[in-house]
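Please read the structure below before turning to the comments.
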Amino acid sequence: MEIIASQSGCEERSRFPSGHLTHPKYRADIDGLRAIAVLSVVGFHAFPDMIGGGFIGVDIFFVISGFLISTIIFANLKNNSFSFIEFYSRRIRRIFPALLLVLIASYAAGWFLLMPSEFAQLGKHIAGGAGFISNLLFWNESGYFDGAADSKPLLHLWSLGIEEQFYIVWPLLLWFVWKKDFDLLKVTIVIAVVSFALNIVQSTVYFDSVTAFYSPQTRFWELLAGSILAYRKQQGVSPFAGIGQTACGQSPADRGNSWSSSRSLLGAGLIILAVLVITRESAIPGWWALLPTLGAVLIISAGPDTWLNRTVLANRVLVWFGLISYPLYLWHWPLLSFARIAEGKSPSMEVRFAVVVISIALAWLTYRFVERPIRSGERSNGKVIVLFVLMIAAGYAGYNCFKRDGLGFRFPAITRELLEYKRAKFEGWGRASCSLSQTQDYTAFKHCLWRDEQGKKPLLLLWGDSNAEHLYPGYQSSFGGEYQIAMRTASLCPPILDMEIGIRPHCRKINDYVFESIRQQRPDKVVLAAIWNEYDWKQLEGTIERLRQIGITDIDLIGPAPRWTDNLPRLLFLKFRSDVFRQIPARMEFGLRQDVLQLDPVLSDFARQLHISYISPIRILCNEDGCITRLGETGDTLTAYDHVHLTTKGSQFLVSQFPRN
């Protein structure tokens, strides 16, 4: 295709016959902005301690996508030349080739590196990626920043799902609005405002960060910010009053316009600020997403001729990274994830750096030998049909893997049995055992009982986070005959009064409520347990002192359980693969977190100084040869189902060894 600029320099015209879509004039500075976005994301994933806010690159991608796609739609609706077939055919040629490569490569890697349950999950994610619903699948699994995220090689496809859902819905809606002769700009603004409001409500009112992060309804406003900008430019009106810009940037007379240059610099400043101040603990996206979103809007709106856009963003290095940004985004995360899976822990700095270099090389190869030939060659329907069929086949392969439980025939039966622990809730929960999820507040405790109807046995309260909850089956089994067991636990909320935890809303109020309930119910024994190395555990001294002030003197402090660098079943799988005799060890040192082992004697001394009882799970479960991994030959005898939480039988065995006094 030969590109020629119109007199205004605002549109891309092709020498194709009428009926083909008009496309915007190429802007090298937007490719440079793409490079900033993808390098930020790659940097965050590879070096999160150094580039803590780099994930905001996805917000920048959303604005760019909304701007470019809406520019095409608005211009062609105006020219009465919009074609749904042409639009979606171009999307398929643009998106499918690199995505297919990554899906196939991930399936192949998973065959060799993943256990059946993990391979089944990967199969589901491959099917979701092929169907562009990854965000909806991950919405129902866990948060983007959860520990489990590192073991999901296709987690990053959540953003592609949101973009593709936007590409499906937005052209149809705009076409309908245009046919009805409604105001396109007003409709766009209204939908953007509603989407932004939903984002704020989910992030800061309901504290449902997972929904706010993955839901298309709470993310579309970022793409629509680009759409509003595209509409204003298509109309030949600057998005910001008083600068006299043309529809595609600045006219030559305006190149020195100080406001345009300032706007570009301000946008860059907002993006830099976002990378520096936004963390995974922030209420994301929420209000914080305004920083990168507005920053991207300001940079794009300033036009290609401002100093920053022309000199920095349009330089050859950034433009090159911008051209490979899509395949680089697709390749980097599966490689990092599989590197972590293969090692059973976070890879070293050197390995991560090597993975980034390999990702860049694969991205260039994909762009040069796959993307460009398919996109720039003859635009026949045959290519589109083949790509569509291949994507369906990839999705089916993933779905088949998921439905067949990860193709477990790859392993011997006894190995498969030991590696495949099926987590199940302890069947002995009673109404006195109450546990809150990460988003629940203390009001859910109001429906929980403290004692059964007889209420004659002494009351034992188990108080803490999920590491207190996993002790409940053991206490119920070993102490249920002599105590009424009550549990008040909340995920990510230790039993430390007055402690604020950013990633755990309501924690302080939850503990205040539990403490007030202790004052009223007067339990005979209080057991404190948590993943202590995650918190400032020294603040426990204040909690213990306040318990004594209200007459609670029988207090047990439970030390940390053995903590592994990865899920215990996965570490056993890695050990199995490297063992000449193909054995699943009953006790293992490989993968143990040494910092947790070192904390145990420190907590023991702390408890001794406060004159409270200390119980050490590590002394019970571990010795010089490592810690117990399984109690039998079947999968339900594993001691932990993930990196730190005990199974039912693991809990029962551990607590059975606790002192009886």
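The values are calculated or read from the model by the stated rules, or taken from the named source; none is laboratory data. Quick caveat: nothing in here was measured; it's all calculated off a predicted structure. Backbone-built Cβ (ideal geometry, glycine too); neighbour counts: all protein chains shown.
Points to keep in mind about this one:
- Within segment 487-503, the set of residues being assigned to a loop (DSSP other than H, G, I, E, B) and not acidic (D, E) comprises S491, L492, C493, P494, P495, I496, L497, M499, I501, G502, I503.
- For segment 80-193, the helices (runs of 4 or more DSSP H) that sit wholly inside it and include 3 or more residues that are within 18 Å of the chain's Cα centre (by Cα) are 116-130, 134-139, 157-179.
- Qualifying residue in segment 73-96 (condition: surrounded by 20 or more Cβ atoms within 10 Å (Cβ to Cβ) and more than 30 Å from Q235 (Cα to Cα)): yes
- Across segment 265-281, the number of residues qualifying as free of Cβ contacts under 8 Å to residues at least 40 places away in the same chain and either in a loop (DSSP other than H, G, I, E, B) or under 20 Å from the mean Cα position of the chain (by Cα) (or both) comes to 0.
- Of note, T443 satisfies the criterion of being among the polar types (S, T, N, Q), more than 27 Å from A561 (Cβ to Cβ) and either surrounded by fewer than 22 Cβ atoms within 10 Å (Cβ to Cβ) or modelled with pLDDT of 90 or more (or both).
Here's the yes/no breakdown for (1) more than 22 Å from S437 (Cβ to Cβ); (2) in the same structural domain as S209 (by TED's automatic domain parsing); (3) in contact with a strand residue (DSSP E or B) (Cβ under 6 Å, 6 or more places away or on another chain); (4) not charged (D, E, K, R):
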residue: S477; (1), (2), (3), (4): yes, no, no, yes
residue: Q484; (1), (2), (3), (4): yes, no, yes, yes
residue: C493; (1), (2), (3), (4): no, no, no, yes
residue: N511; (1), (2), (3), (4): no, no, no, yes
residue: V514; (1), (2), (3), (4): no, no, yes, yes
residue: S517; (1), (2), (3), (4): no, no, no, yes
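- Residues located in segment 618-641, provided they are part of a loop (DSSP other than H, G, I, E, B) and under 11 Å from A561 (Cβ atoms): T639
- Segment 317-349 - residue that is of a type in the set (V, I, T) and surrounded by 21 or more Cβ atoms within 10 Å (Cβ to Cβ) and, of those, nearest to A37 (Cα to Cα): I324
- Complete set of residues in segment 404-419 that are of a type in the set (A, V, I, L, M, F, W, C) and farther than 18 Å from T637 by Cβ: L407, F409
- Of the residues making up segment 438-486, those that are assigned to a helix (DSSP H, G or I) and over 27 Å from the mean Cα position of the chain (by Cα) number 12.
- Counted residues, segment 525-563 - those being in a loop (DSSP other than H, G, I, E, B) and surrounded by 15 or more Cβ atoms within 10 Å (Cβ to Cβ): 10
- Applying the set (1) at pLDDT 95 or above; (2) under 30 Å from R340 (Cα atoms) to S209 leaves exactly one unmet item: (1).
- Among the residues making up segment 283-305, those that are outside any helix (DSSP H, G or I) and under 21 Å from L223 (Cα atoms) are A283, I284, P285, G286, G303, P304.
- Put simply, of V58, V42, V38, V63 the only residue that is more than 17 Å from G295 (Cβ to Cβ) and modelled with pLDDT of 95 or more is V42.
- Of the helices (runs of 4 or more DSSP H) lying entirely inside segment 306-392, the ones with 3 or more residues being modelled with pLDDT of 95 or more and assigned by TED's automatic domain parsing to the domain that holds E118 are found at 316-323, 325-343, 349-366.
- Total residues in segment 573-585 satisfying the condition of being surrounded by 17 or more Cβ atoms within 10 Å (Cβ to Cβ) and either among the hydrophobic types (A, V, I, L, M, F, W, C) or in a loop (DSSP other than H, G, I, E, B) (or both): the figure is 5.
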